[in-house]
Amino acid sequence: MSQQQLMQRKADATPRGVGVMCGFFAERAKNAEVWDTEGRRYIDFAGGIGVLNTGHLHPKVEAAVAEQLSRFSHTCYQVVPYESYISLAEKLNALTPGSHAKKTALFTTGAEAVENAVKVARAFTGCPGIIAFGGAFHGRTLMGMALTGKVAPYKLNFGPFPGDVYHAPYPNALHGVSIAESLTGLERLFKYDIDPARVAAIIYEPVQGEGGFYAAPAEWVKALRALCDRHGILLIADEVQSGFARTGKLLASEHFDAVPDLITMAKSLAGGFPLSALTGRAEVMDAPAPGGLGGTYAGNPLAVAAAHAVLDVIETEKLALRAQRLGDALKEKLNSLKKDVPQIAEVRGLGAMIAVEFNQDGGHAPDPDFAKKVQQHALANGLILLTCGVYANVVRFLFPLTIEDEVFAEALGKLEAALKA
């Protein structure tokens, strides 16, 4: 069946609200390469939106899932538990920042992890308020959308949203928001909108994902921690996109001298299988009553098996170090092109969580058209890229950290051609 016929079936059978970037359909994939149904090859710098840090079908992940599938695929952990869930929780408790006692609950999606972080925070503190930041993305559920700091397309026509959610400015030097202005924004919330004694948690992304790959300044994160301690507020780090070696450390929170109380994780945790986790201080995680947390598919055994393999691959293949090396090479390439591509306003990122932002030639106005043209040119030449940012003027890079050196070099050549075109 032709791609055109498949596209027509897609239009007839699925809603337009499920936006699809590519005009072709995947047939097979391996590591950082995808082949469509007509045999064309693409290099994948999207990684399923950050899900494939260990690549498409890593042999260890594939073997772990196959072995688990030969035993059982589902029992619902809350009905008949299994040891692999417990051992994964133990690993995450040990690997996440902080020496305090921790506990972990497993879920299915990043949005679920965020929703449950809010539930746990409210149960522990007895307070309703949650503070997030402009440009944030925390999911597509109603609470996730309420926390998300970007209206189009995520919140258009979907309100009303849950109450007691507030937004402060996220520090962003390129867009003129200083650390001091962000912290002043929080103090203004406490003055004008909500008593800090009614705030359960502040949730932030160590590196904003959909918002534009802006890394949180270390000074600001430390100030957030101090503010939370002063008012008895919990600090939630949303590591759904930034986790699992992407930033050069297992979790981006490790870049900061400020340990969060709760951490949400998903995406690359299970190498392409749906799994998320919420890890936090033991006493905080124990606040909900029995039955208050869970989900029918939460901690699915196939996904849990994949996660064990992913953690093994990250350690044995030293993917955090590889992320740093690949990210440095990508930044060097992008920075070398500034003289030829005046639209490049900034190249930034931690580890391999890299982005390039485009402004109009010689000015400060965002240039989303240029970002879109770069993406389209790259795609036409076999390189899959993602855009992001509040102004849609950013290209972000989420290639598998396991990408072969020669494939990575080929991709950089395609990227250069797209930028210069």
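What to note about this one:
- Note on the stretch 213-263: residues that are in a loop (DSSP other than H, G, I, E, B) and either in contact with a Phe, Trp or Tyr (Cβ under 8 Å, 6 or more places away or on another chain) or at negative phi (or both) amount to 20.
- The residues on offer are Val390, Val374, Val313, and the sole one that is within 21 Å of Val207 (Cα to Cα) and buried (at least 16 other Cβ atoms within 10 Å of the Cβ) is Val390.
- Ser2 meets each of the listed conditions (1) touching a helix residue (DSSP H, G or I) at 6+ places or on another chain (Cβ under 8 Å); (2) modelled with pLDDT under 95 apart from (1).
- Residue match in the stretch 5-13 (condition: closer than 23 Å to Gly413 by Cα and either open to solvent by 30 Å² or more (accessible area, probe 1.4 Å) or over 25 Å from the mean Cα position of the chain (by Cα) (or both)): no
Matching residues to (1) over 15 Å from Leu385 (Cβ atoms); (2) β-branched (Val, Ile, Thr); (3) touching a strand residue (DSSP E or B) at 6+ places or on another chain (Cβ under 6 Å):
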{"site": "Arg9", "(1), (2), (3)": "yes, no, no"}
{"site": "Thr14", "(1), (2), (3)": "yes, yes, no"}
{"site": "Gly17", "(1), (2), (3)": "yes, no, no"}
{"site": "Ala26", "(1), (2), (3)": "yes, no, yes"}
{"site": "Val34", "(1), (2), (3)": "no, yes, yes"}
{"site": "Glu38", "(1), (2), (3)": "yes, no, no"}
{"site": "Asp44", "(1), (2), (3)": "no, no, yes"}
{"site": "Gly48", "(1), (2), (3)": "no, no, no"}
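- Glu90 falls short on exactly one of the conditions (1) open to solvent by 20 Å² or more (accessible area, probe 1.4 Å); (2) assigned to a loop (DSSP other than H, G, I, E, B), and that condition is (2).
- When the stretch 14-26 is filtered for residues that are touching a residue at least 60 places away in the same chain (Cβ under 8 Å) and open to solvent by less than 60 Å² (accessible area, probe 1.4 Å), only Cys22 remains.
- Subset of the stretch 214-232 that is more than 12 Å from Ala258 (Cα to Cα) and over 20 Å from the mean Cα position of the chain (by Cα) - its residue that is surrounded by the fewest Cβ atoms within 10 Å (Cβ to Cβ): Arg230
- Restricting the stretch 324-364 to residues that are without any contact (Cβ under 8 Å) to a residue 24 or more places away in the chain, outside any loop (DSSP other than H, G, I, E, B) and basic (Lys, Arg), the residue that is farthest from Ala266 (Cα to Cα) is Lys331.
- Filtered residues of the stretch 167-182 (kept if under 20 Å from Val347 (Cα atoms) and assigned to a loop (DSSP other than H, G, I, E, B)): Tyr170, Pro171, Gly176, Ser178
- Any hit, the stretch 327-340, residues being open to solvent by less than 50 Å² (accessible area, probe 1.4 Å), of a type outside the set (Phe, Trp, Tyr) and on the phi > 0 side of the Ramachandran plot: no
- Residue list for the stretch 104-122, restricted to those being touching a strand residue (DSSP E or B) at 6+ places or on another chain (Cβ under 7 Å) and either part of a strand (DSSP E or B) or of a type in the set (Gly, Ala, Ser) (or both): Thr104, Ala105, Leu106, Phe107, Gly110, Ala113, Ala117, Ala121
- Considering residues of the stretch 264-310 that are part of a strand (DSSP E or B) and open to solvent by less than 10 Å² (accessible area, probe 1.4 Å) only, the residue farthest from His58 (Cα to Cα): Gly280
- Exactly one residue out of Leu321, Leu401 is in contact with a helix residue (DSSP H, G or I) (Cβ under 6 Å, 6 or more places away or on another chain) and either assigned to a loop (DSSP other than H, G, I, E, B) or open to solvent by 70 Å² or more (accessible area, probe 1.4 Å) (or both), and it is Leu401.
- Matching residues in the stretch 107-138 - criterion: being out of contact with any Phe, Trp or Tyr (no Cβ under 9 Å at 6 or more places or on another chain) and within 24 Å of Ser268 (Cα to Cα): Thr109, Gly110, Ala111, Glu112, Val114, Ala117, Val118, Lys119, Val120, His138
The values are calculated or read from the model by the stated rules, or taken from the named source; none is laboratory data. Just so we're clear, the structure is a prediction, and the values are computed from it rather than from any experiment. Counting neighbours? That spans all protein chains shown, and the Cβs are built from the backbone with ideal geometry, glycine included. The accessibility values were calculated without ligands, DNA or RNA, using every heavy atom of the protein model including side chains. Shrake-Rupley method; radii C 1.70, N 1.55, O 1.52, S 1.80 Å.
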